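Since the structure comes first, as structure tokens, the remarks are kept for the end.
Where a number appears in this text, it was derived from the coordinates with a stated rule and is not lab data. All values reported here derive from a predicted model rather than from experimental measurement. Cβ sites come from the backbone with ideal geometry, for glycine too, and all protein chains shown count toward neighbours.
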Amino acid sequence: MVRRVAALIIIGLASAGVVHAAGPGVDIDTAATIYQAAQVREQVRASLGTMPAQIRQMFERDAGAKLSQEQLAAVTAAAERGFRIDVFEAPALSALAQNLDPPTVAKAQVFLSSDLGKRMVADDVASASLGQDNIEKVMNGEISTPSTPKRDAVVDKLEKAAKSTESTVDVFLSMGQAVAVGTAIGSGLDQASVAERARKSGEAGRAELEDSMRLPMRRFLAYSYRNMSDSDLKHLLSFLESPAGSRYVTAYNASMGAGFDAMGKRTGERLGESLRELAQAKTDQPPRDALPPDIAAPSAPPAPTEPPPSTAPR
């Protein structure tokens, strides 16, 4: 289910919490079989490369923050250290295990190992790998796929059964709260008051955000599964609306929420530490005319003898 992962590539951060369903759960090894069959790792990895830039843009858009270029660089560096698959996986697997049960695991394994299940997962991974620009175009309707009113009706039901919009907003708001609280911890601010302000801010805008995301999420679903027949979509819907499918959706969404929440908190903690160090450095910095000449007016670095290595993703 690509919806949460792909949408997180293109939206900024706010604040709220993800509530995990209660239940008997299963062990981590059992949950890992579902995690691997759904190729969650591959989907999440596809989104992580764009997250540092997205979080930096969030701070740049915040007129109240007014961060310097040095501070914005610290934002990027913190996000690069926070949004990593090794930070995501442990809490994501734990939440998945807590929200599954043995009957759901058995039926989910049958579905995910079927031809339709494998094609769904392949489509999910491909859509998560489209890149930020293409995902934006799909969700804005600039890139679309032929459809019919009948097919649109099935896609609408799929979006509701997968709770695509609500879960995307939940993860997005929860991650924002995690960044805010992590920054408070790292900066020595009052964690409780920051968390409460972030929660209220996120909840105040939740309904509007869900309304604004509903149509883009349906467009993305339609594009993601454009190679499926109408019959395929109906069979997929049948699984998602079944008791096992509904529980699978809940577990999957809880897993995504926990993983992105952890990455947001790690980013916030790193950012808080960096901002505190920058502030301390300014406090301790002696007057410029007291610095040695080679520091007060450093010479330009020598021209490189060969081009620097590429920083483009490999």
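Considering region 159-279 at the alpha-carbon level, its Rg and Dmax are found to be 18.1, 60 Å. A cut-off under 10 angstrom between Cβ atoms defines the neighbours of VAL87, and their net charge, with Lys, Arg +1 and Asp, Glu -1, is +2. Taking the Cα centroid of region 209-255 and of region 36-93, what is the distance between the two, rounded to the nearest whole Å? With region 209-255 and region 36-93 each reduced to a Cα centre, they are spaced 25 Å. The aspartates and glutamates whose alpha-carbon is closer than 15 Å to the alpha-carbon of LYS200, local same-chain residues fewer than 8 away aside, are ASP170, GLU208. Computing Rg and the Kirkwood Rh from the Cα coordinates of region 150-227 gives a ratio, Rg/Rh, of 1.17. Cross-link partners of LYS150 among lysines, defined as those whose alpha carbon lies under 22 angstrom from its own and excluding same-chain residues fewer than eight positions apart: LYS160, LYS163, LYS234.
Each residue of region 41-57 is assigned a 3J(HN,Hα), and the resulting list reads 4, 5, 5, 5, 4, 5, 8, 5, x, 8, 5, x, 5, 5, 6, 4, 4 Hz, derived from the Karplus form 6.51 cos²θ - 1.76 cosθ + 1.60 (θ = phi - 60°), x at Gly and Pro.
Across every direction, the projection of the convex hull enclosing the Cα atoms of region 68-132 has a mean area of 6.5 nm². In summary, the lysines within cross-link reach of LYS282, defined as a Cα separation below 23 angstrom excluding same-chain residues under 8 places away, comprise LYS66. Its alpha carbons considered, region 46-184 gives a radius of gyration followed by a Dmax of 18.6, 53 Å.
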